[in-house]
Amino acid sequence: MRFTKMHGLGNDYIYINAIEEDLSGYNLEKLAQILSDRHFGVGSDGLILILPSQQADFRMRIFNSDGSEAEMCGNGLRAFAKYVYEHGLADSLKLEVETGAGIIPLAMDVAEGQVVAVSLDMGVPRLQRQQIPMRGEPVDGQVIGEPLEVDGTQVEITCVSMGNPHCVIFTDDANSTPVTELGPQIENHQVFPERTNVEFVTVVDSEHLRMRVWERGAGETLACGTGAAAATVAAVLTERTDRRVEVSLLGGELQLEWAADDHVFLTGPATEVFSGEVSPQLVGPSAA
C-alpha cells in the first residue's frame, strides 16, 4: 500500500491514491486510526483518499485520526490538488472535487511545475441552527453571540457550517486560551448532535485574525481551512472585521474572503513531505 504524507500549514494527512490502490478489503475507519497513530503508524491528523468521481474531476474522502469520517477539509483539499497535479493525475490548473460537503471548485498557482498555492471556493456558509446542525430554537435562526454553558463556565459562541459544523469563540488572547480543556468539552456538548469543530479567535485588527483550533475527531491541529473560513464569517457577522482577512494559525497564514456573492474563498500553500509503502503487518488488522 503506497502512501504520500502531505500537509497544509502543518495540518497533516496521509494520502492514498485509491484510483490505483485497491482498498475494497479494508475497514477504512480502522485503517485511518492505524496509519494516523504518531507512535505506531505513519502519524497524521487523518487519512485522505483520492478517488474517481462521476460528478467532478475527482472525489475526496477524509477520515479523522479517530476513524470518524469528515465532510470537508480546506487544508486537506489544497494538498489533494497539489498531489493530483504534481503526480500527473490532472493537467488542468482548475478542478472540481467532490467532497462530503458538495463539489468544491479550486484553482492552482504553479511555478516551475510545482503548485505553490491553491485557492478554494468554499461555497456559501450555512447559518441556520438546523443547518449547522445545533439543537435549540428557533431552528431557522442564526447563532450569533449566543451564551453556552461549559462545565459551569459561560462562553459566547457564533456557529457556522462550511459543510461541516464550527463553533467560533472570540477571546482576548487565543494563545493563552485552554484549548485542550475547552475544546473537547465543546466538541462533545449535547447541543451539537454531530459534534463540532471549535475555533478560538483573537481579532488583531479589521483585516487580521489569530486562531487556534480544536478539530472534531482529531484534537488540536496546527491549522484548519474550514475553521478559518468559519472564523472569517463569524467575525463579519459580529462586525469585528472586514470581509477580506488574513488568518494566522499555529502552522502559518491563510487568506480568506467572504465575497459579495456570499461565497467564501480560501487561499494558501500545501506541502508534500514524503512517500512510502506501508508494511502489510501494520495494516493487516484493518483488513475486512
message: Checking the condition over 30 Å from residue 21 (Cα atoms) and either part of a strand (DSSP E or B) or not assigned by TED's automatic domain parsing to the domain that holds residue 161 (or both), which residue from 273, 213, 233 passes?
response: 213
- request: Please verify whether segment 93-108 includes one or more residues that are charged (D, E, K, R), surrounded by 14 or more Cβ atoms within 10 Å (Cβ to Cβ) and over 25 Å from residue 246 (Cβ atoms).
  value: yes
- prompt: In segment 70-102, how many are within 26 Å of residue 219 (Cα to Cα) and among the aliphatic types (A, V, I, L, M)?
  reply: 7
task: Report whether or not residue 192 is crowded, with 24+ Cβ neighbours inside 10 Å, of a type in the set (Phe, Trp, Tyr) and at pLDDT 95 or above.
output: no
- prompt: Tell me, which residue of segment 27-55 that is of a type in the set (Gly, Ala, Ser) and more than 20 Å from the chain's Cα centre (by Cα) is surrounded by the fewest Cβ atoms within 10 Å (Cβ to Cβ)?
  reply: 53
query: Can we say residue 201 is β-branched (Val, Ile, Thr), crowded, with 19+ Cβ neighbours inside 10 Å, on the phi < 0 side of the Ramachandran plot and not in a strand (DSSP E or B)?
result: no
- prompt: Which one of these is small (Gly, Ala, Ser), under 21 Å from residue 70 (Cβ atoms), at pLDDT 95 or above and touching a His at 6+ places or on another chain (Cβ under 7 Å): 219, 268, 227?
  reply: 227
field: Filter pass, residue 78 being at pLDDT 95 or above and touching a Pro at 6+ places or on another chain (Cβ under 9 Å)
entry: yes
field: Among the residues listed as 88, 74, 113, the single one being of a type outside the set (Phe, Trp, Tyr), surrounded by 15 or more Cβ atoms within 10 Å (Cβ to Cβ) and not assigned by TED's automatic domain parsing to the domain that holds residue 215
entry: 74
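The values are calculated or read from the model by the stated rules, or taken from the named source; none is laboratory data. Since the model is a prediction, treat every value here as computed from it, not as a measurement. Using ideal geometry, Cβ is built from the backbone for each residue, glycine included, and neighbour counts are taken over all protein chains shown.
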